[in-house]
1. Check each of the chymotrypsin sites (Phe, Trp or Tyr not before Pro) in the range 15-78 and keep only those in coil by DSSP with at most 15 other C-beta atoms within 10 angstrom; list them in order.
2. What does the accessible area per residue of the chain come to in Å², with a 1.4 Å probe and no ligands, DNA or RNA counted?
3. Quick one: pull the percent of accessible area on the range 34-115 belonging to carbon and sulfur, 1.4 Å probe, ligands and nucleic acids left out.
4. Given N residues in the range 47-115, what is Rg(Cα) / (2.2 N^0.38 Å)?
5. I want to verify a result. In a Gaussian network model of the chain, Cα cutoff 10 Å, which of these has the top mean-square fluctuation: Gly15, Gly55, Gly42?
6. Which sequence of Lys75, Lys86 reflects their accessible areas, 1.4 Å probe, from the largest down?
7. What residues qualify as long-range amide H neighbours of Asn58, i.e. H under 5 Å apart, gap of 5 or more or another chain, H built at 1.01 Å from N?
8. Which of Ile51, Ile28, Ile69 moves most in a GNM of the chain, Cα contacts under 10 Å?
Amino acid sequence: QVHMVESGGGLVQPGGSLRLSCAASGSIVSINIMGWYRQAPGKQRELVATITSGGSTNYPNYVKGRFAISRDNAKNTVYLQMNSLKPEDTAVYYCRISWYKSDYWGQGTQVTVSS
């Protein structure tokens with residue numbers, strides 16, 4: 001079993017920054033992909049960023065250049081640095097870890113961008 005705990009969400013003004021963290025614990029395979037997804041009210045969950053255990057990253061265009069994902073393999077922790085936040089970034093942010101035939105999600109943390 002794998003347990004994931006997210007932290008770092010909150011309220012921030014447009015143009016501000018936030019850093020999310022997600023720590024995974026339990027029986028984790030060393031070769032895996034960690035990522036962040038988000039879901040706004042009334043919308044489908046969408047990709048924010050992913051990072052492999054080797055450090056390769058992937059971002060959709062709507063966050064590229066503003067968000068940065070990183071990880072600490074020794075701590076099984078993934079981070080998301082969010083800069084230049086916009087009101088449309090408001091959503092519940094979920095972390096995810098996956099490997100062959102295994103897929104685990106965190107409980108989500110609210111990010112609200114508003115003046």
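The values are calculated or read from the model by the stated rules, or taken from the named source; none is laboratory data. Bear in mind the structure is a predicted one, so any value in this text is a computation, not a measurement. We place every Cβ from the backbone using ideal geometry, glycine too, and count neighbours over all the protein chains shown. Please note that ligands, DNA and RNA were not included when accessible areas were found on the heavy atoms of the full protein model with its side chains. Shrake-Rupley method; radii C 1.70, N 1.55, O 1.52, S 1.80 Å.
1. Answer in residue order: Tyr62.
2. 53 Å²
3. 46 percent
4. Taking N as the residue count of the range 47-115, the ratio is 1.17.
5. Among Gly15, Gly55, Gly42, the largest GNM mean-square fluctuation belongs to Gly42.
6. Lys75, Lys86
7. Amide H neighbours of Asn58: Thr50.
8. Ile28
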